[in-house]
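Remarks on the structure that follows.
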Amino acid sequence: MSLLEIENVSKRFGGVQAVDDVSLHVDEGEILGIIGPNGAGKTTLFNLITGTIRSDTGKISLAGADITTTSPTKRARAGIGRTFQVVRPFLRMTVAENVMVPVLVHTHKVSEARNKAVALLEELGIGKLADLDVSQLTLAQRKRIEVARALATEPKVLLLDEVLAGLNNREVLDVLPFVNQVRARGISIIMIEHLVKALTSVSDRIIVLDQGTLIAQGKSDDVLKDPAVIKAYIGEEDNVEG
Ligand SMILES: Nc1ncnc2c1ncn2[C@@H]1O[C@H](COP(=O)(O)OP(=O)(O)OP(=O)(O)O)[C@@H](O)[C@H]1O
Ligand SMILES: [Mg+2]
């Protein structure tokens, strides 16, 4: 049994079949990478997994339990954590306060939540940022805070939506070990990225979405050679070599 199983899930928005009969699974401690051109349905797939949108078809299970119609809050409590493609921290709060918000999902005492938030930041090697306002941080630091906030919900599986987007090469190399650190905590990860090389360097396996359909999956070396994948990327700004 896989930790997260998605079977034949679809989502249509008006005339757009955003996700079309997609099945995938993620095992415990595994990093699954997702690539695909703009509009391929990647973020929609994350929204279906977290429950912010409901699938039209199929089934989603977490640790063997059917969560297809479970509310987003209950899915979060059951262990599905995420970051957002557009980072949206509370700018006028400190880093520690930002991490406290999701900690309060599990802990209702404020002092305890603060201790947990600071402990998590220290564990992640960014304890010195705790008392800074988020508005003072660089984008790379904010990305790390986003991951810390998602981790604070104590996920079993963490969905990372383009955490590397907007970072320069050096910053990407700073943030990537962070992803491995998360996995080292025993957390499974599904990671969407346009930066194919960076993604494949940390992923155990990748899948490719194109126009809502899963067109290839497997080890990155094989997948990136797949003619269907190369075809999907022709004319794309971020081509498959990116
Ligand atoms: N809430 C929505 N209402 C209507 N259409 C939507 C909605 N969300 C997504 N779509 C459409 O569904 C398709 C898939 O969008 P999605 O955001 O999942 O793509 P993506 O693969 O994440 O793209 P990107 O790489 O640009 O982030 C697009 O055509 C998009 O316009
Ligand atoms: Mg997206």
Once amide H atoms are built 1.01 Å from N in the peptide plane, which residues 5 or more positions from Asp27, or in another chain, come under 5 Å H to H? Leu3
Simple spin-label estimate for Leu139/Lys197, 7 Å along Cα→Cβ, in nm, reads 1.8
Summing -39500 (n - 2.57) over every DSSP H run of at least 4 residues in the chain and dividing by its residue count gives a helix-only mean residue ellipticity at 222 nm, to the nearest 500 deg cm²/dmol, of -10500 deg cm²/dmol
Against the 2.2 N^0.38 Å rule of thumb, the C-alpha Rg of segment 37-163 sits at a ratio of 1.11
Tell me, in nm to one decimal, what length is gained between Asp222 and Asn115 on full extension, where the rule is 0.36 nm per residue of separation less the Cα-Cα distance? 34.0 nm
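Note the direction-averaged projected area, equal to a quarter of the hull surface, for the Cα convex hull of the chain, in nm². Walk me through the numbers before you get to the answer.
On the way: hull surface 51.7 nm².
Projected area, direction-averaged: 12.9 nm².
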Calculate the spin-label point distance for Thr52 paired with Arg183, positioning each point 7 Å from the Cα along the beta-carbon direction, and give it in nanometres. 2.5
Which three extents, in whole angstrom, do the alpha-carbon atoms of segment 154-239 cover along their principal axes, largest first? 37, 28, 22
Relative contact order (percent) for segment 1-137, with alpha-carbon contacts under 8 angstrom and 6 or more residues of separation? 20
Given the options Gly58, Val9, Thr44, identify the residue whose Cα lies farthest towards the positive end of the charge dipole of segment 1-65 (+1 on Cβ of Lys, Arg; -1 on Cβ of Asp, Glu). Thr44
For the chain, averaging the sequence separation of alpha carbon pairs under 8 Å that lie six or more residues apart and dividing by its residue count, the contact order in percent is 27
Full-extension gain in nm, Ile230 to Arg77, via 0.36 nm per residue minus C-alpha separation: 51.2 nm
Who wins for biggest fluctuation among Pro155, Pro177, Pro72 in a Gaussian network model of the chain, springs between alpha carbons below 10 Å? Pro177
Might you report the magnitude of the Cβ-based charge dipole of the chain about its Cα centre, with Lys and Arg at +1 and Asp and Glu at -1, to the nearest 20 debye? 800
Count, lysine Cα pairs under 22 Å in segment 132-242, 8 or more residues apart or across chains: 6
Express in % the proportion of alpha carbon pairs of segment 42-108 at distances exceeding 21 Å. 35
Considering the chain as a Gaussian network with a 10 Å cut-off on Cα pairs, which listed residue, Gly81, Gly58, Gly33, attains the greatest mean-square fluctuation? Gly58
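We did not get these values from a lab; they are worked out from the coordinates using the rules stated. Every value quoted in this text rests on a predicted model; they were computed, and no experiment measured them. No Cβ is skipped: glycine too gets one built from the backbone with ideal geometry, and neighbour counts run over all protein chains shown.
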